[in-house]
1. Only one residue in B:Asp69, B:Asp54, B:Asp30 is more than 13 Å from B:Ser141 (Cα to Cα), assigned by TED's automatic domain parsing to the domain that holds B:Val199, out of contact with any Ser or Thr (no Cβ under 7 Å at 6 or more places or on another chain) and in a helix (DSSP H, G or I), so which one is that?
2. Let me confirm something: among B:Leu85, B:Leu137, which residue is within 29 Å of B:Ile191 (Cα to Cα) and away from every other protein chain (no Cβ under 14 Å)?
3. In segment B:386-410, which residue that is more than 7 Å from chain A (Cβ to nearest Cβ) and outside any strand (DSSP E or B) is surrounded by the fewest Cβ atoms within 10 Å (Cβ to Cβ)?
4. Restricting to segment A:109-123, what's the tally of residues that are within 24 Å of A:Thr215 (Cα to Cα) and either within 10 Å of chain B (Cβ to nearest Cβ) or in contact with a Ser or Thr (Cβ under 8 Å, 6 or more places away or on another chain) (or both)?
5. Anything in segment A:95-104 that is over 13 Å from A:Val410 (Cβ atoms) and within 9 Å of another protein chain (Cβ to nearest Cβ)? List them, or say none.
6. Might you let me know whether segment A:371-380 holds any residue that is hydrophobic (A, V, I, L, M, F, W, C), surrounded by fewer than 24 Cβ atoms within 10 Å (Cβ to Cβ) and either within 7 Å of another protein chain (Cβ to nearest Cβ) or within 12 Å of the chain's Cα centre (by Cα) (or both)?
7. Can you confirm whether B:Asp45 is of a type outside the set (Lys, Arg), surrounded by 14 or more Cβ atoms within 10 Å (Cβ to Cβ), more than 27 Å from B:Gly382 (Cβ to Cβ) and away from every other protein chain (no Cβ under 14 Å)?
Number of protein chains: 2
Amino acid sequence: MSIVSVIEKIARDAKDAARLLKNAMRREKDEALFLMAARLIEQGDSIKAENTKDLTLAREKGLSSAMIDRLTLDDKTIHAMADGLKEVAALPDPVGEVTGMWKRPNGLSVGRVRIPLGVIGFIYESRPNVTVDAASLCLKSGNSVVLKGGSEAIHSNLILSDILRGALREVGLPQEAIQVIPTTDREAVGILLTQEDHVDIIIPRGGEGLIRFVTKNSRIPVLKHYKGVCHVYVDEFADLEMASDVSFNAKVQRPGVCNAMETMLVHQAVTNDFLPPMVTRLQQGGVEIRGCEKTVGLIPGLKKAEPEDWPAEFLDLILAVRIVSNMDEALDHIGQYGSNHTEAIITKDYNRSQRFLAEVDASVVLVNASTRFSDGNQLGLGAEIGINTSKLHAFGPMGLEELTTTKFIVYGDGQIRS
Amino acid sequence: MSIVSVIEKIARDAKDAARLLKNAMRREKDEALFLMAARLIEQGDSIKAENTKDLTLAREKGLSSAMIDRLTLDDKTIHAMADGLKEVAALPDPVGEVTGMWKRPNGLSVGRVRIPLGVIGFIYESRPNVTVDAASLCLKSGNSVVLKGGSEAIHSNLILSDILRGALREVGLPQEAIQVIPTTDREAVGILLTQEDHVDIIIPRGGEGLIRFVTKNSRIPVLKHYKGVCHVYVDEFADLEMASDVSFNAKVQRPGVCNAMETMLVHQAVTNDFLPPMVTRLQQGGVEIRGCEKTVGLIPGLKKAEPEDWPAEFLDLILAVRIVSNMDEALDHIGQYGSNHTEAIITKDYNRSQRFLAEVDASVVLVNASTRFSDGNQLGLGAEIGINTSKLHAFGPMGLEELTTTKFIVYGDGQIRS
């Protein structure tokens, strides 16, 4: 079979499976999730053997040690995947929830009930544990998933999906609800993106290049964010100790992720008190500072920020710092360089906090808290399938509910329209 | 200026206006809506004069009398537009609603607040009153709108938008929140569809050809339905008098709209009692029947349905009729030929009603009521900007809320992530 036929069949089978899965009971789905967890542990040696094939090829190709690290499945990561499955089983089932029901003047009862989206196309890069995460969230929300992982993880992804599919079969759910595209052919992504008759949404997760490719070539709606250029604005009325702790956490606690701070904006009224010790603390934490002209003037020896640093997602221990004359300048900076992802203000002033919450156009806006909380788990959604920074369907971190939609149900007793 | 530059400027101005409009108070928006209503009545003569230009051109081009009728603005339609504006003013403002707020274990308060989508591109065909409808719903939901109406209505659309924009200016809201693309150039739609940096969603309303063109060429997400192929399934356990009344209403009350019934499915157990009088009643209502083989066998003289009749949206007094052996056959028929729009069952049986509601994949599923209720007003949304039969963002009739999304707001007191 040609690769086009293979992917068309996968998409068609996924759609058929979705039709069966949409009315599956929570009990069946949870049973499958628990069984998957057990089977992953039982078959740990086989998983590690397949993973070794990927690792050997990766080393031959000269992949970086960070890449090798992300690719590796050991007992610890296998147990973590199994725990993740059990956590998803423990989450409430969004499907079937009646989100509202009301009576019309003519006696009709009109309600909205939550239903799965259908088929999710999930495109991601190296980590094979994402295969299990994504599959479990799609299953719990009643959706089929077609998974296209990184080519360097193909052996790992295939054995993981074999195990998950086996569990589906064991509990009598359609195994085609979880499918990994069994090829490393680069064309595969492009072909998946044209299966608009069978795939309902595409969620890509990875670097900006991958996301741009997917968005440009997809005939299917895409839920995605390109990057997270997150700011912390330290206001003139900030508690400076809090500002230091939050900013340090936002930059240093995990710099390689999309909700880490990339630029700090500091009101000029507090720069003298705040900035020198803050810069020292960040530098002691290993952070390279790139300052605006005023910052460099205040603290000699700092690297000067270039124009390309303001829109940059460093994903590293690098921080751009700008001193602003007032809150308007901070809001303008965020409006110009922000990525609609996550923005934070540190202030004790009531009006400033309210203004920041209202005016900043980002999916998560925080007062006096670290940008690192912009995450489905941390915000209380229970789990996260991805983050969307376009406003359609869901804005921000997406959990199980965001993998569903609602349809109208109407109970009548013979009503006709006049 | 080239047409590309004109439309780029319109899109950019719309985005700037959206930034101002998103935090407009309900009072200001309602004031603008009431003023628009008053100005439409006051300037009725100018509206009719501009409309006459369109009508003259339309008659020269030999447009059908139905088209001319839809294009005509007289005192009655002008008053209806003004009333529509006041009705939208009376609807609650969706913007700013906190749809939920909860406390996290670390003390963070996390909430979701409703915000406008931004800029709506609205593409439609002949009726100029849609200009006012669409503009009012976008304004009330805090969105800018770029309107591209039918070329035959250009003079009417331009004077209507002039009046609406004047009212925006009078109350101090940005007039660029409402813009009509001032050209009949056919390229304009294609150019609008590439303004993805400034336009957030596209809503097309019109014939299937227009919708397919828009969907194929848009780089912006599209909320749309291609067509409504709606079924009424008359179950073996139907109240036959109710089945007759509902089916007659669904077909005859307004046959030219997307929520009219196009195919009636009848359980074979009730065909002898139900179908002959039903066919007579429909024929007396002017309906042409196209029957399946069994139907034609039962009632001689009927036209036989061709394969292309089952997926057809007749939008006319034509009805396809099929006798099914059981409910599975009815569900399979709807699965194959339905358009995910609106489906109804007539039954007195509890289990059948529940099964139909759960299994039918349509945005509106009704028990014992006419498909004609599938409409934002009728379902209680207050107004309707369009109907979406893809599952993303909103499924089914869309009101003001569906022109918004939510963002996360987080109140902390110095929380950092560990």
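The values are calculated or read from the model by the stated rules, or taken from the named source; none is laboratory data. Quick caveat: nothing in here was measured; it's all calculated off a predicted structure. Cβ atoms come from the backbone with ideal geometry, glycine included; neighbour counts cover every protein chain shown.
1. B:Asp69
2. B:Leu137
3. My answer is B:Glu401.
4. 5
5. A:Gly96
6. yes
7. The answer is no for B:Asp45.
For every residue, the table says whether it meets (1) touching a residue at least 24 places away in the same chain (Cβ under 8 Å); (2) of a type in the set (Lys, Arg).
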{"site": "A:Ser144", "(1), (2)": "yes, no"}
{"site": "A:Lys148", "(1), (2)": "yes, yes"}
{"site": "A:Asp162", "(1), (2)": "no, no"}
{"site": "A:Leu173", "(1), (2)": "yes, no"}
{"site": "A:Thr184", "(1), (2)": "yes, no"}
{"site": "A:Glu187", "(1), (2)": "yes, no"}
{"site": "A:Ile191", "(1), (2)": "yes, no"}
{"site": "A:Arg205", "(1), (2)": "yes, yes"}
{"site": "A:Phe213", "(1), (2)": "yes, no"}
